[in-house]
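Novice: This structure is in structure tokens; I'll ask about it shortly.
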Amino acid sequence: MIKKTLIFSLLLWNACLLNSAEIEQYTVFELELKGPSEGNPFKEVQLSAEFTLMNRTLFCEGFYDGNGIYKIRFMPDEPGKWTYLTKSNNKSLDSKKGSFICIPHSPSNHGYVKVRNTFDFGYADGTPFYPVGTTCYAWVHQPEELVKQTLETLSKTAFNKIRMTVMPKNYDVYINNEPPFYPFEGSKEKGWDFFRPNPAFFRNFEQKIIELQKLGIEADVILFHPYDFGKWNLDKMNTEEAIFYLRYLIARIASYRNVWWSMANEYDIMRKSDEEWEKYFRVIQTYDPYGHLCSIHNGMGWYNHSKPWITHLSIQTAYLQDIQDWRELYRKPVIIDECVYEGNIPNDWGNLTPEEMMNRFWIAYCRGGYCTHGETYIHPENILWWSKGGTLYGKSPERIAFLHRIMTEAPAEGMYPLHNEWNKETYLIKDREYYLYYYGNSQQAKARIFLPKDVKFRLQVIDAWNMTITPVEGEFSGRVEIPLPGRPYIAVRARAVKSQ
């Protein structure tokens, strides 16, 4: 009797500890349960939970993590006492109840990113987010030393978004190494069992997302890509297998606040039907309880970006003159996620000068969009940043960081782009308060700008390449002419005196 009472007391104490847990807003509450391991628990055991705060309930799926361990991960987005109730077709996992306290987020934790003011981005707590991204497709599938080097490099940049693939990539001589883990049980020779994920692979992937989160970097997760070319045949999932894979991945990583979904890289090369892509998007809509940002990346053809599940445009193009038209047509943010890369490889998409890489960032921003970087310099061991990470050798990242500073100094509300076809000016404006003119690769010796006649402005000449900001003496209104250095990559910023 004493033994039974002791066991009951210990169970009650453990339950009290669980129920009194405090979880910070926008972080992960994880429920771990012990269950069956026989058969195929990945597919045969269904597990989910409902999380409730007052009259609001969110549904999320659990997943099997191997060795008889099941997990449910949840990201609370409101402070208060959350309760949960599990549902499962297995009795040992069904009807588990509990609660935890969600406390307000800390100053450095702004939550997940979402669309702000139709064309821009902001964190869940309202803080503006200005994406300056980079591309590092298969960095998570490299040896640990190279992974550490990539994270160390990122920590010294302003990049706050990274495009990365779930699956390993095989492309030319630049990337074809075997990954440290494979995503499913089986092999290329014997075939993959797409209904038996390898937990070690997904643990490795999610750990990299956590490391990015520590650096304040959003993980733009590419769910499918066409670059296998028969090396692994991991791109051979049928629709049922692909849906299973998506649900498993969503259950594992949707609770991390720095996740974005990119349905595919160069989706049109994969030759799937629009109906199939729609099924996959609906899986994300159904099983991601947080509504993370979601896009799809083009090769030659364009997906219909007016679809409601597309939150923003993720575009591959070197032609940036249409950004304003795309904004107005789709009424969504535009990110030029691939505008060609800084580097010197012979491929025509990988040999931009650093000046032009920086220039395209400025053009995209001043036309009301955003841009993503990539680097492809020849390396004796074919360690290109764009594919494997490692070290950055180019000169554009620090200039992109300088532009990011300019972004954060602009008004957070009311900005919109204008383009003057007559003199090819591209500029951002907030009426009567802020004007940012960018002259690209022209080299004029003077700037002629038109400001409101009844508002006084202070002007600064910005050298985007040399990263300098030079005040112009005096205060200005109406039609203004000021001297410029007569070299490319110059901008002029006008800020109303009353706003300073």
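Taken together, the values in this text are just the output of simple stated rules run on the coordinates, not laboratory data. Please read all numbers here as calculations on a predicted model, not as lab measurements. Note: ideal-geometry Cβ built from the backbone for every residue, glycine included; neighbour counts use all protein chains shown.
Novice: Just want to confirm a number: the relative contact order over region 416-499, from Cα pairs under 8 angstrom separated by 6+ residues, in percent.
Specialist: It rounds to 36 percent for region 416-499.
Novice: Same structure again: If you line up the long axis of helix 144-154 against the longest principal axis of the chain, both from Cα atoms, how many degrees apart are they, to the nearest 10?
Specialist: Here the helix axis deviates by roughly 40 degrees.
Novice: Among all the aspartates and glutamates, which ones have a C-alpha under 19 Å from K446's C-alpha, if same-chain residues fewer than 8 places away are not counted?
Specialist: E421, E425, D463, E473, E475, E481
Novice: Let me ask something else about it. Relative contact order (percent) for region 143-269, with alpha-carbon contacts under 8 angstrom and 6 or more residues of separation?
Specialist: 30
Novice: Where a Cα-Cα gap under 16 Å defines reach, which lysines qualify for K307, not counting those fewer than 8 residues away within the same chain?
Specialist: K279, K332
Novice: Show the residues, 5+ positions off or on another chain, whose built amide H is closer than 5 Å to the amide H of V259.
Specialist: Amide H neighbours of V259, under 5 Å, 5+ apart: A219.
Novice: Here is a follow-up. Could you give the size of the charge dipole of the chain about its Cα centre, using +1 on the Cβ of each K and R and -1 on the Cβ of each D and E, expressed in debye and rounded to the nearest 20?
Specialist: Here the size comes out at about 1140 debye.
Novice: In whole Hz, what ³J(HN,Hα) sequence does region 192-207 give by Karplus (6.51, -1.76, 1.60; θ = phi - 60°), x for Gly and Pro?
Specialist: Values, residue by residue: 9, 8, 5, 9, 10, x, 8, x, 4, 4, 6, 5, 4, 5, 5, 5 Hz.
Novice: Can you give me the angle between helix 239-253 and the longest principal axis of the chain, using Cα atoms only, in degrees from 0 to 90, rounded to the nearest 10?
Specialist: 80
Novice: Quote the FRET efficiency, to the nearest 0.05, computed for R448 versus E473 with a Förster distance R0 of 22 Å and r equal to the Cβ-Cβ distance.
Specialist: According to the calculation, E is roughly 0.75.
Novice: Note down the nm distance, to one decimal, between modelled labels 7 Å out along Cα→Cβ at I269 and at K188.
Specialist: 1.7
Novice: A further question on this structure: Relative contact order for the chain: what percent, with Cα pairs under 8 Å and sequence separation of 6 or more?
Specialist: Value for the chain: 11 percent.
Novice: Taking the Cβ of H105 as the centre, find all other residues whose Cβ is under 14 Å away and add up their charges (Lys, Arg: +1; Asp, Glu: -1).
Specialist: So the environment of H105 carries a net charge of -4.
Novice: What length, rounded to one decimal in nm, is gained on full extension from E328 through to Y416, with 0.36 nm per residue of separation minus their alpha-carbon distance?
Specialist: Extending this stretch completely gives an extra 30.6 nm.
Novice: Follow-up. If the cut-off is a Cα-Cα distance under 22 Å, which lysines reach K148, setting aside same-chain residues fewer than 8 apart in sequence?
Specialist: By straight Cα distance, K148 reaches K156, K161, K169, K208, K214, K388, K395.
Novice: How much of the pair distance distribution for region 19-103 lies past 20 Å, counting alpha-carbon pairs only, in percent?
Specialist: 32
Novice: Another question about this same structure. Report the net charge of residues surrounding N117, where surrounding means a beta-carbon distance below 13 angstrom and charges are Lys +1, Arg +1, Asp -1, Glu -1.
Specialist: With Lys, Arg at +1 and Asp, Glu at -1, the net is +4.
Novice: Computed over the Cα atoms of region 245-326, what is the convex hull's projected area averaged over all directions, in nm²?
Specialist: So the mean shadow area of the Cα hull is 5.9 nm².
Novice: Of the listed values (i) 67, 58, 45; (ii) 103, 75, 37; (iii) 92, 52, 42, grab the one calculated as Cα extents along the principal axes in Å from the structure here.
Specialist: (iii)
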